[in-house]
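Heads up, the thing below is written out as structure tokens.
The values are calculated or read from the model by the stated rules, or taken from the named source; none is laboratory data. Just so it is clear, the structure is predicted and the values come from calculations on it, not from any experiment. Counting neighbours? That spans all protein chains shown, and the Cβs are built from the backbone with ideal geometry, glycine included.
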Amino acid sequence: MPENLIGKRVDVLDKGYVELQDLMPHPASGISGDSAIVSAARVSFLGESKGPEKDKKLLFYLMRNHHTSPFEMVEFKLRVRAPLLTWWQWTRHRTFHYQSANAQSGRYTPFDENDFYVPSEWRRQSSSNKQASEGTLEPDVSRELTDKLIAFYEKGYALYEEALAAGVAKEMARLFLPGFSVYYTWVVKTDAHNLMNFLRLRMASDAQYEIRVYAQAIFEHFFKPALPWTAEAFEMYVLNNPSQPEGAAT
Ligand SMILES: Cc1cc2nc3c(=O)[nH]c(=O)nc-3n(C[C@H](O)[C@H](O)[C@H](O)COP(=O)(O)OP(=O)(O)OC[C@H]3O[C@@H](n4cnc5c(N)ncnc54)[C@H](O)[C@@H]3O)c2cc1C
């Protein structure tokens, strides 16, 4: 695993990011995450590593046969900055989120005038799926909408500042801010098993773009380098296997 993975930050959307803050097993321990998974599985018969070839084979067996608990032996701690519309969906992942999360406090820290998500393009409502989007609006219509959105943010932020100046508490002044668009920063921790469930659901094409890009960033920049065997098996048996029953192998 690359030594410099911890502390690495990847930009997502216009002002967001994902940063890997910590990993268990820590790279300094000299134990790879894949080995930690294999050695947890081998405790069943009080065994240890049998060399890379047999260890990798065992890990693929675990993934293929939904033997999930060894994957819980690896943990990722991430610092994430994302708009609230992304968090709204993220918090639905109970095992990922509610167990281990700390969020920025809008009661304590005032918001900045640039803390709002501005999309690079506007997607059309899907004609076949009431929850989805498809294609994008024409560039001139998009530009006009973006200008209106920014003007809306500026107006909301001016009212927020006005309320603060009038002595209103930050916890109430934020009522003037456009809720779904505001960026929040969280620290979240999860294990590889539950992270795979999140990645499977949120990297899928039916997931909203604004959460899919976070899931893809986590998978490409952190999950794959930290757990190369697990990522390979996950791609083979879960991501590229649509017949996999929900929740299987994750
Ligand atoms: C495309 C898409 C659209 C969605 N649309 C909606 C929507 O319109 N409205 C909405 O409310 N949600 C929606 N969701 C959220 C979805 O219903 C799940 O809540 C979310 O994806 C988290 O999945 P999960 O329950 O597997 O994850 P987690 O909450 O992390 O749970 C992981 C696993 O733990 C187990 N588990 C966790 N809690 C319990 C429990 N209390 N009882 C039994 N088993 C449990 C289950 O096996 C579960 O799969 C949507 C998700 C996606 C991907």
Only unsatisfied item for Tyr214, checking (1) within 22 Å of Arg81 (Cα to Cα); (2) out of contact with any Ser or Thr (no Cβ under 9 Å at 6 or more places or on another chain), is (2)
Note on Thr86: of the conditions (1) free of Cβ contacts under 8 Å to residues at least 60 places away in the same chain; (2) closer than 22 Å to Tyr17 by Cβ; (3) surrounded by 17 or more Cβ atoms within 10 Å (Cβ to Cβ), unmet is (1)
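Determine, yes or no, whether Tyr237 is within 14 Å of the ligand (Cβ to nearest atom), touching a residue at least 60 places away in the same chain (Cβ under 8 Å) and either in a helix (DSSP H, G or I) or in the same structural domain as Asp34 (by TED's automatic domain parsing) (or both). Steps first, please.
On the way: within 14 Å of the ligand (Cβ to nearest atom): no; touching a residue at least 60 places away in the same chain (Cβ under 8 Å): yes; either in a helix (DSSP H, G or I) or in the same structural domain as Asp34 (by TED's automatic domain parsing) (or both): yes.
No: the conditions fail for Tyr237.
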All-but-one check, Pro70 against (1) out of contact with any His (no Cβ under 9 Å at 6 or more places or on another chain); (2) within 24 Å of Ser100 (Cβ to Cβ); (3) free of Cβ contacts under 8 Å to residues at least 40 places away in the same chain, failing number (1)
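Give segment 164-198 a look and list any residue that's part of a strand (DSSP E or B) and more than 30 Å from Ala233 (Cα to Cα), or say none. Talk me through it step by step, then tell me what you get.
At the first step, the residues of segment 164-198 found to be part of a strand (DSSP E or B) are 182-191.
Val182, Tyr183, Tyr184, Thr185 - these are the residues of segment 164-198 that are part of a strand (DSSP E or B) and more than 30 Å from Ala233 (Cα to Cα).
Being in a strand (DSSP E or B) and within 17 Å of Ser181 (Cβ to Cβ) is the filter here; which residues of segment 115-146 pass it? Write out each step before concluding.
So the first thing to find is which residues in segment 115-146 are in a strand (DSSP E or B), and the list is 116, 123-125, 133-136.
Selection gives Phe116, Arg123, Ser133.
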If you go through Arg42, Arg81, the only one that is at pLDDT 95 or above and either within 30 Å of Arg174 (Cβ to Cβ) or not in a loop (DSSP other than H, G, I, E, B) (or both) is Arg81
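Any chance you could count how many residues in segment 89-106 are within 16 Å of the ligand (Cβ to nearest atom) and of a type in the set (A, V, I, L, M)? Reasoning before the result, please.
Start the filter on segment 89-106 by keeping residues that are within 16 Å of the ligand (Cβ to nearest atom), which leaves 89-101.
In the following step, the residues that additionally are of a type in the set (A, V, I, L, M) were identified as 101.
Residues that pass the stated criteria total 1.
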When segment 93-132 is checked residue by residue, the ones that are among the aliphatic types (A, V, I, L, M) and either more than 30 Å from Leu159 (Cα to Cα) or at pLDDT below 80 (or both) are Ala101, Ala132
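Being surrounded by fewer than 18 Cβ atoms within 10 Å (Cβ to Cβ), among the charged types (D, E, K, R) and free of Cβ contacts under 8 Å to residues at least 12 places away in the same chain is true for just one of Glu171, Glu144. Which residue is that?
Working: Glu171 fails: free of Cβ contacts under 8 Å to residues at least 12 places away in the same chain.
Glu144 is the lone residue from the list that is surrounded by fewer than 18 Cβ atoms within 10 Å (Cβ to Cβ), among the charged types (D, E, K, R) and free of Cβ contacts under 8 Å to residues at least 12 places away in the same chain.
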* Do we find that Thr109 is over 28 Å from Leu201 (Cα atoms), within 24 Å of the chain's Cα centre (by Cα) and away from the ligand (no atom under 16 Å from the Cβ) in this structure? -> yes
